[in-house]
1. Would you check which residues across the stretch 198-207 are loosely packed, with under 15 Cβ neighbours inside 10 Å and in a helix (DSSP H, G or I) and list them?
2. Counting just the residues of the stretch 78-110 that are more than 12 Å from the ligand (Cβ to nearest atom) and in contact with a Pro (Cβ under 8 Å, 6 or more places away or on another chain), which one comes out nearest to Thr159 (Cα to Cα)?
3. With respect to Leu40, determine if the residue is under 27 Å from Leu108 (Cα atoms), at pLDDT 95 or above, more than 15 Å from the ligand (Cβ to nearest atom) and in contact with a Phe, Trp or Tyr (Cβ under 7 Å, 6 or more places away or on another chain).
4. Condition (residue is under 26 Å from Ser150 (Cβ atoms), assigned to a helix (DSSP H, G or I), without any contact (Cβ under 8 Å) to a residue 40 or more places away in the chain and not aliphatic (A, V, I, L, M)) applied to the stretch 70-83: is it met by at least one residue?
5. Please specify each residue of the stretch 15-48 satisfying the condition of being open to solvent by less than 40 Å² (accessible area, probe 1.4 Å) and without any contact (Cβ under 8 Å) to a residue 40 or more places away in the chain.
6. From Gly31, Gly96, which residue is modelled with pLDDT under 95, small (Gly, Ala, Ser) and within 20 Å of Asn126 (Cβ to Cβ)?
7. Would you point out which residue out of Ala231, Ala210, Ala215, Ala164 is assigned to a helix (DSSP H, G or I), in contact (Cβ under 8 Å) with a residue 24 or more places away in the chain and of a type in the set (A, V, I, L, M)?
8. What are the residues in the stretch 125-148 that are more than 7 Å from the ligand (Cβ to nearest atom) and farther than 25 Å from Cys22 by Cβ, if any?
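The values are calculated or read from the model by the stated rules, or taken from the named source; none is laboratory data. From a predicted model like this one, the values you see are computed outputs, not experimental measurements. All Cβ positions, even for glycine, are placed from backbone atoms using ideal geometry, and neighbour counts span all protein chains on display. Note: accessible area is taken over every heavy atom of the protein model, side chains too, but ligands, DNA and RNA are not part of it. Shrake-Rupley method; radii C 1.70, N 1.55, O 1.52, S 1.80 Å.
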Amino acid sequence: MTASPDRASIRMCHSFDELNACVELQRDVWGFSDLDLVPLRLFVVAEKIGGQVIGAFEGKEMVGFALSIPGSRSGHPYLHSHMLAVRESQRNAGLGRSIKLVQRADALARGFELIEWTFDPLEIKNAHLNLERLGAIARRYTINQYGISSSPLQGGLPTDRLVAEWWLRSRRVEKLLESGAHPEFKVEHTLAVPAEIYRWKASETDRGRAREVQAKNREEFLQAFADGLAALGYERDAAGNGKFLLGRWDEAYSYAGDGSEQ
Ligand SMILES: CC(C)(COP(=O)(O)OP(=O)(O)OC[C@H]1O[C@@H](n2cnc3c(N)ncnc32)[C@H](O)[C@@H]1OP(=O)(O)O)[C@@H](O)C(=O)NCCC(=O)NCCS
């Protein structure tokens, strides 16, 4: 059976059963050890203090969730989306995007204009979803944000992350949601991620190649961001290779300024 976001109902989660289902789905999706799992207590707290726990259900079964917590920078409240997960059998049918759009609607209804999250710049699929399908931008880079994690998805590499900024009312996001494409921009720099990266990360013998790509791209991102560029687009080719497209964002949205940007 083909998965479809239309078959899933997406709603805010409040009960212990729903929040526990998030913890279990998290265990399946990331394969974390117990020590790395975000525990039930944090889902409970997030839900109570103005964050978001959003679940996607097919019948009674949870097939996806998102977790976010409130943050504040330079006096501005925003949401930090810590996790987005879709059960493997339901992926690539638009459900991840649909959960994010519910996240956006709830945030706007409560007066937030920014949702941020971090993502692994080596994950080709996530970069495409974030930049091309949601309209987030990235102009900050964190080296080894969480230390080395137990998730096999990481292959023991440093947990470098790009910060996705999703300016919910920006022209970029509104145009993308209306027309399916973000506004055009002049590409000033590109950064490649080879399709083999997943295989290299998973293989003990080839992991060094994944590390090399990570190290090279890290330096280029840091330099480009210092020069005022932002990741505004992403291309995939037929062989599955990814490419970040960097340019200058022409909208003035920013909460930077008090030194707490990371
Ligand atoms: C990230 C995740 C939540 C996305 O959920 P999803 O339901 O598959 O997402 P969607 O179907 O809405 O969008 C996925 C997009 O990536 C594309 N895609 C799929 N495989 C891809 C690949 N190997 N390379 C590039 N793009 C890919 C899909 O075609 C789709 O784009 P499209 O809408 O333009 O066709 C899901 O893959 C997941 O749970 N991954 C593991 C956990 C994770 O990485 N979470 C995010 C970081 S916290």
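1. Arg199, Ala202
2. It comes out as Leu79.
3. no
4. Filtering the stretch 70-83 for residues under 26 Å from Ser150 (Cβ atoms) gives 71, 80-83.
After this cut, where a residue has to be assigned to a helix (DSSP H, G or I) as well, the list is none.
Checking the stretch 70-83: not a single residue is under 26 Å from Ser150 (Cβ atoms), assigned to a helix (DSSP H, G or I), without any contact (Cβ under 8 Å) to a residue 40 or more places away in the chain and not aliphatic (A, V, I, L, M).
5. Residues satisfying the conditions are Leu19, Val23, Leu37, Phe43, Val44, Ala46.
6. Sole residue among the options that is modelled with pLDDT under 95, small (Gly, Ala, Ser) and within 20 Å of Asn126 (Cβ to Cβ): Gly31.
7. Ala210
8. Leu131, Gly135, Ile137, Ala138, Arg139, Arg140, Tyr141, Ile143, Asn144
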